[in-house]
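**Student:** Take this structure first; my questions come after.
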Amino acid sequence: MSTRPSVCMFVMNSVLPDPRVMREARTLVQSGWSVTIVGLHDERRAESVRDGIRIIFDCGEITQMLLTNIAMQRAGVSVRAQVYHSHDLNTLIAGYLASRFKNALLVYDFHEAYTEQFPHDASTACWRGFYTLLERLLIRKADRLITVCASLSRWAQERYAA
């Protein structure tokens, strides 16, 4: 008896207002995949199913990025997916940890040049440096990279030799 392939996506928002993530998830469901999305806390519910997509809303506050990633990783590991899909750099720790814990594939989905959104000033230099180092360390751990456009793909290749 064969089972459907499964993917667990991580996103640092409450999922439903994210049309790109929902389009990707619907496409996977239509292609026969089992899809779970782990997102940020939604006060209305702890879990939901929409269009065949299981959504888990139990992962804390956005201001606590590292703790949120650990909570997301724990929720993701419970899904037992074959693929862990991190949407943007701010969920890459969760995807990396879950994929390694479960010996599964890791997809890193570049929605934008995340490290470039920080202003080039002293007040954000620490965050910019942290995220640049994080991306430099983890991008090569991803089994697949997805970008929104060719120019972003070239940027990632030039910057990280990815």
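The values are calculated or read from the model by the stated rules, or taken from the named source; none is laboratory data. Just so it is clear, the model here is predicted, and its values are computed rather than measured. Virtual Cβ from ideal backbone geometry, glycine too; neighbours counted across all protein chains shown. Just the protein is used for accessible areas: all its heavy atoms, side chains included, with ligands, DNA and RNA removed. Shrake-Rupley method; radii C 1.70, N 1.55, O 1.52, S 1.80 Å.
**Student:** Rounded to the nearest 0.05, what FRET efficiency is calculated for Phe130 and Leu16 with R0 set to 30 Å and r the Cβ-Cβ distance?
**Tutor:** 0.55
**Student:** Same structure again: What list of ³J(HN,Hα) couplings, whole Hz, do you get for the stretch 71-82 from phi and the Karplus terms 6.51, -1.76, 1.60, once you set θ to phi - 60° and write x for glycine and proline?
**Tutor:** My calculation for the stretch 71-82 gives 5, 4, 4, 4, 5, x, 4, 5, 6, 6, 7, 8 Hz in order.
**Student:** What do you reckon, how do Leu137, Leu106 stack up by accessible area (1.4 Å probe), largest on top?
**Tutor:** Leu137, Leu106
**Student:** Starting from the 7 Å offset along Cα-to-Cβ, what nm value, one decimal, do you get for the label separation of Leu137 and Asn103?
**Tutor:** 2.5
**Student:** Taking the simple approach of a point 7 Å from Cα along Cα-to-Cβ for both Thr3 and Val148, what is their distance in nm?
**Tutor:** Taking the two extended label points, one gets 3.4 nm.
**Student:** Right, next: Express in nm, to one decimal, how much length is gained between Arg80 and Val49 on full extension, taking 0.36 nm for each residue of separation and deducting their alpha carbon distance.
**Tutor:** Roughly 9.4 nm would be gained on extension.
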